[in-house]
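The values are calculated or read from the model by the stated rules, or taken from the named source; none is laboratory data. Predicted model, so just to flag it, every value in this text is computed and none were measured. Ideal geometry is used to build each Cβ from the backbone, glycine not excepted, and the neighbour counts take in all protein chains shown. We work out accessible area using only protein heavy atoms, side chains counted, and drop any ligands, DNA or RNA first. Shrake-Rupley method; radii C 1.70, N 1.55, O 1.52, S 1.80 Å.
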Amino acid sequence: MKPTAKPLLIKQTEGESLGRFPVWMMRQAGRYLPSYRAIREKYSFWEMATQPEVAAQVSLLPMAEIPVDAIIFFSDILTLPYGLGLPITMKESVGPVTETPLRTLEDFKVFKNFQPETHTSFVGQALNLIKEKIPQEMALLGFAGAPWTVGAYLIEGKANRNFEAIKAWMYREPQVLAQSLDLLAEATLQYLEWQYRCGAHMVQLFDTWIAQMPKAFFDQYYLKILVKIFSKLKAKGIPAIYFTKNSAHLAPSFSEIPASGFSVDEILTLSDWDKLLPQGRFLQGNLDPIILLKGTEGEVRLKTRLLVQEARTLSRPVILNLGHGILPGTPVENARAFVEEARS
């Protein structure tokens, strides 16, 4: 059998010099693309995410518009609990809504039943379809939501800027909340392993709401959950990225997390993150998505060139990306300008 060539992104993370930085964008198959909006008119969100042919089609949309180096499969961080049968709806201008919030350890025991081949078989099918249609030099990325962030949605019931329910539980019964998140973590680990077996070259764990966690809870309870997830992925040879947002207060503890790399936001510069985060791991980031949304094409190209120049000063591998997901309403030409300049 002819060996499969490694994607450029994987080569970069392993320390191979490519002469340029690989680049992709979180949420790159999303509402800013007219082609996405046309498909969205025909299907509900969950129809798009759970029909493998449609999910694959949507995942591949950026390839026709923008020369990205990776495809991240189209899904959501709540696909795992949705596949397990939890009543989660996607409401316009509200976001995901859990009709029956999980508020006890007993509620979280539902995750003991999770079997990715059964409950999220459509994910594996979509990944296989995508893998067949991308060139060998392009990486295919899988992902999941981290236990704290997914748990926040499941416990709150819907987006809540104060995170009242999960934080009240944390202060009242920190050990019980940690046990509950650990059950979710075990299911998440199975989910990510399944994605890798189905063709993903690398996986990313999204912890978007980690900023809401006090450092004391992180250090005493949550860190060991993350260490377990990334240790088991590493033991199976699965490259994995940990994405956080507004997490500088926790960064000193990240040295214990055996992630392959860290995806960082724009609040600090890449150079600042380089000093904060453990060496021996790659960095991913971190252009502010607002620059793509509100800037001119010339401004996007200038800011991207500055980011490239900064990345070149680091002694570790870098993947260029945004500080978070690309925003709806972003001009496609600005997204293209970012990727073209990053590749140059």
- Task: Multiply the residue separation of A5 and E333 by 0.36 nm, subtract the distance between their alpha-carbon atoms, and state the gained length in nm to one decimal.
- Result: 115.0 nm
- Task: Take the Cα radius of gyration of the stretch 190-344 and divide it by 2.2 N^0.38 Å, with N its residue count; two decimals is plenty.
- Result: 1.08
- Could you give the dipole magnitude of the chain about its Cα centre, charging the beta-carbon of Lys and Arg +1 and that of Asp and Glu -1, in debye to the nearest 20? 380 debye
- Note on the structure: Between Q220 and T296, the two model label points (7 Å from Cα along the beta-carbon direction) sit apart by a distance in nm of 5.4 nm
- Farthest towards the positive end of the dipole of the chain, among L8, Q195, S44 and with Cβ unit charges of +1 on Lys and Arg and -1 on Asp and Glu, lies the Cα of L8
- Note on the structure: One would report the antiparallel percent of DSSP beta bridges in the chain, rounded to the nearest 5, as 15 percent
- How much solvent-accessible surface does S44 expose, in Å² to the nearest 10, with a 1.4 Å probe and all protein chains in place? 50 Å²
- Note on the structure: In the structure shown, of K11/K236; K133/K232; K6/K234; K158/K245, the pairs separated by more than 22 angstrom at the C-alpha atoms are K133/K232
- Amide H contacts under 5 Å for G142, restricted to residues at least 5 apart in sequence or on another chain and with H modeled in the peptide plane, are H201, M202, V203, Q204
- Kindly provide the GluC sites (Glu not before Pro) of the stretch 8-49 that DSSP labels as loop, not H, G, I, E or B, and whose Cβ sees at most 11 other Cβ atoms within 10 Å. E16, E41
- Message: Can you give the local net charge around A251? Use residues other than it whose beta-carbon is closer than 13 angstrom to its beta-carbon, Lys and Arg +1, Asp and Glu -1.
- Response: -2
- Using a basic spin-label model with each label point 7 Å from the Cα along Cα→Cβ, how many nm lie between Q179 and D272? 4.0 nm
- Query: What residues have an amide H closer than 5 Å to that of A70, excluding those fewer than 5 places away on the same chain, when H is modeled at 1.01 Å from N in the peptide plane?
  - Reply: A139
- Residue farthest toward the positive end of the dipole of the stretch 255-326, with Cβ of Lys/Arg at +1 and Asp/Glu at -1: which of L283, T313, F262? T313
- Message: Nearest 500 deg cm²/dmol is fine: what mean residue ellipticity at 222 nm does the chain get from its DSSP H runs of n ≥ 4 alone, each adding -39,500 (n - 2.57), divided by its residue count?
- Response: -13000 deg cm²/dmol
- Let me know the shape class of the chain, please: from the alpha-carbon gyration tensor, a ≥ b ≥ c as square roots of the eigenvalues, rounded when a/c is under 1.5, otherwise prolate if a/b is greater than b/c, or oblate. rounded
- The rounded separation in angstrom of the Cα centers of the stretch 180-204 and the stretch 230-274 is 17 Å
- Rounded, prolate or oblate (a/c below 1.5 giving rounded, otherwise prolate when a/b exceeds b/c) for the stretch 91-168 by Cα gyration tensor: prolate
- Task: Tell me the label-point distance for the pair E310, A235, using the 7 Å Cα-to-Cβ offset, in nm and rounded to one decimal.
- Result: 3.8 nm
- Note on the structure: With a ≥ b ≥ c from the Cα gyration tensor eigenvalues, square-rooted, and the rule rounded for a/c under 1.5, otherwise prolate when a/b > b/c and oblate otherwise, the stretch 10-77 is prolate
- Expressed in nm to one decimal, what extension gain is obtained for the pair T118 and A159 from 0.36 nm per residue of sequence separation less their Cα-Cα distance? 11.9 nm
- Using a 1.4 Å probe on heavy atoms of the protein chains only, the accessible area for R103 in Å², nearest 10, reads 110 Å²
- Note on the structure: Rounded to a whole %, the carbon-and-sulfur portion of the accessible area of the chain at a 1.4 Å probe is 51 percent
- Item | Where a label projected 7 Å from the Cα of Y43 along Cα→Cβ would reach, residues of the stretch 92-136 with amide N under 12 Å | 122-123, 126-127
- Message: Heavy atoms only, 1.4 Å probe, whole protein assembly: order T104, T313 by accessible area, highest first.
- Response: T313, T104
- Note on the structure: Counting only protein heavy atoms and rolling a 1.4 Å probe, one gets per residue an accessible area for the chain in Å² of 42 Å²
- Roughly how big is the stretch 230-344's charge dipole about its Cα centre, with Cβ charges of +1 (Lys, Arg) and -1 (Asp, Glu), in debye to the nearest 20? 460 debye
- Quick one: ranking K131, K158, K234 by accessible area, 1.4 Å probe, largest first, what do you get? K234, K158, K131
